[in-house]
1. Search the range 177-201 for residues that are part of a strand (DSSP E or B) and pair each with any residue that is modelled with pLDDT of 90 or more and of a type in the set (Gly, Ala, Ser) when their beta-carbon atoms are under 6 Å apart and the residues are at least 6 apart or on different chains.
2. In the list VAL245, VAL292, which residue meets the criterion of being modelled with pLDDT of 95 or more, under 27 Å from the mean Cα position of the chain (by Cα) and not in a strand (DSSP E or B)?
3. How about the range 287-321: which of its residues are buried (at least 21 other Cβ atoms within 10 Å of the Cβ) and of a type in the set (A, V, I, L, M, F, W, C)?
4. Please work out which residue is nearest to THR403 (Cα to Cα), limiting yourself to the range 425-439 and to residues that are part of a loop (DSSP other than H, G, I, E, B) and among the polar types (S, T, N, Q).
5. Look at the range 363-383 and say how many of its residues are of a type outside the set (D, E, K, R) and part of a loop (DSSP other than H, G, I, E, B).
6. Would you be able to tell me the number of residues in the range 365-399 that are more than 25 Å from SER305 (Cβ to Cβ), of a type in the set (Lys, Arg) and without any contact (Cβ under 8 Å) to a residue 60 or more places away in the chain?
7. Taking the range 276-317, which residues are touching a residue at least 12 places away in the same chain (Cβ under 8 Å), small (Gly, Ala, Ser) and over 23 Å from THR155 (Cβ atoms)?
8. Which one is surrounded by the most Cβ atoms within 10 Å (Cβ to Cβ) among residues in the range 1-38 that are in a strand (DSSP E or B) and touching a helix residue (DSSP H, G or I) at 6+ places or on another chain (Cβ under 6 Å)?
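The values are calculated or read from the model by the stated rules, or taken from the named source; none is laboratory data. Given the structure is predicted, the values throughout are model-derived calculations rather than measurements. Every residue, glycine among them, receives a Cβ derived from its backbone with ideal geometry; neighbour counts consider all protein chains shown.
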Amino acid sequence: LKVTNDIAVAVDQLGTRKGAIAVYVEPWHMDVSDFLDLRKNSGEERRRAHELFPALWINDLFMKRVKENARWSLFDPAEVADLCDLYGDEFEARYIAYENDEKIQKNVVMAKELWKKILTSYFESGMPFLCFKDNANKANPNDHDGIIRSSNLCTEIFQNTQPNYYKIKITFDNGSERLFDEEEDVTVDSGITKKAKKLSALDSIGGEQIFIVEKESVEGKTAVCNLASINLSKINKKEDIERVVPIAVRMLDNVIDLNFYPHKKVKHTNLASRSIGLGVMGEAQMLAERGVKWGSYEHLALIDSVMENISYNAIYASSNLAVEKGVYPLFEGSKWSRGVMPIDTANANAKALLNDRGGLFDENACDWSKLREKVKKDGMRNGYLMAIAPTSSISILVGTTQTIEPVYKRKWFEHNLSGMIPNVVPNLSPETWQFYTPA
């Protein structure tokens, strides 16, 4: 991580904007305690990485153990590498199996004590970022083509990624060939089961003697975020959303084809999933100008309606583009192809919080049944559609509030490499003052 930290320092945008790297670790990692201390100002400096942004990729099992005040096992990732590729029930079963395996090295801590340390670090420094692995993967529209291993620096996108890996190419003495995954279990004729990467010319498979063993490098997947954000202070009515969202989706889809890609792996991933990230900004300004108190019932009802309409129209627009330009290559087998919409994968606990107002969505607001059938029939142009970006720069450029957050203060000074910049929330007046609720 020290090397990665130095890369973040060395790479900048002409001296005006520093490089930024987020590092995601799962809470079962043996070094998770040291990881939480990366940004501390005290302690041994050689064990610090002040330019990195640490993040935790938290599974449901850990939170269950916290709730139950149970024990939690920490592992060496070299011994349990497959835990990174599992989630949900499969992860839980494999994790418990490793806990019960005496051959696997482990440290045991109390889950609640580790959680307290995480929260202490979070309140002291705002880090680590907290993202939830199982939630992300259960909602993944392209779960047929991999797993989400992390988010990004801004925690706005959740897309399938995969590190570079090797295939093992076996050539037998009769000239025939077979291809194995590097970690695939292979039983040789001697009765021994070994990883494909451990095969040698001394082994035979199915009566055929191995002649040559070769390793072939295979490019993985790198997620890409093509972002745009709708200014809610200007666009928040149903008719405006229906007009603007299809234009935004088309523009973002065009970016995929017109963009410059610095690496072929990035280009291949982006063309395969055709991911776009349509988000919003200006929520706090919209509320203040409407005289709506932040966190009120009226606020929740309004933003629920606005975001549902944006989601509905974004999906509809992408499906229309699929008719015009073709579906994205990974469409078949996706949740989209099965008629499963993002609203269908909403977390049950989150929905339960809204039972006092009749549930998560107004059933009559949008015709989701009709849209499901359309998507199954016509397909989707884009594998991923929405991403709520921080908009820290573009919100200033257009003169609105950042993303979906409350304002930091009604007036403040911002410090960056360009100097000290005074800021005032948009349209601040005696009428809007009380409706701008500082965070």
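1. PHE180/ALA196; VAL186/ALA196
2. None of the others qualify; the one that does is VAL245.
3. Listed by number, the residues that qualify are LEU287, ALA288, ILE310, ALA314, ILE315, ALA317, LEU321.
4. Pass one, the range 425-439, residues part of a loop (DSSP other than H, G, I, E, B): 425-432, 436-439.
Checking the rest, the ones that are also among the polar types (S, T, N, Q) come to 427, 429, 432, 437.
On the way: ASN427: 17, SER429: 21, THR432: 19, THR437: 15 Å.
Out of the qualifying residues, it is THR437.
5. Residues of the range 363-383 that are of a type outside the set (D, E, K, R), as a first pass: 364-366, 368-369, 371, 375, 379-380, 382-383.
When the remaining residues are screened for being part of a loop (DSSP other than H, G, I, E, B), the result is 364-366, 379-380, 382-383.
Total satisfying the criteria: 7.
6. The first filter runs over the range 365-399 and keeps only residues more than 25 Å from SER305 (Cβ to Cβ), leaving 376-379, 381, 383, 392-393, 396-397.
Right, trim to of a type in the set (Lys, Arg) and you get 376-377, 381.
Now restrict to residues that are without any contact (Cβ under 8 Å) to a residue 60 or more places away in the chain: 376-377.
Residues that pass the stated criteria total 2.
7. If we filter the range 276-317 for residues that are touching a residue at least 12 places away in the same chain (Cβ under 8 Å), which is where we start, we get 276-295, 297, 299-317.
In the following step, the residues that additionally are small (Gly, Ala, Ser) were identified as 277, 279, 282, 284, 288, 291, 295, 301, 305, 311, 314, 317.
Across the range 276-317, the qualifying residues are ALA288, GLY291, ALA301, SER305, ALA317.
8. Within the range 1-38, the first condition is being in a strand (DSSP E or B), and the residues that meet it are 12-13, 17-18, 21-25, 29.
Narrowing the set further to residues that are touching a helix residue (DSSP H, G or I) at 6+ places or on another chain (Cβ under 6 Å) leaves 21, 25.
Working: ILE21: 15, VAL25: 19.
Only one residue fits best here, namely VAL25.
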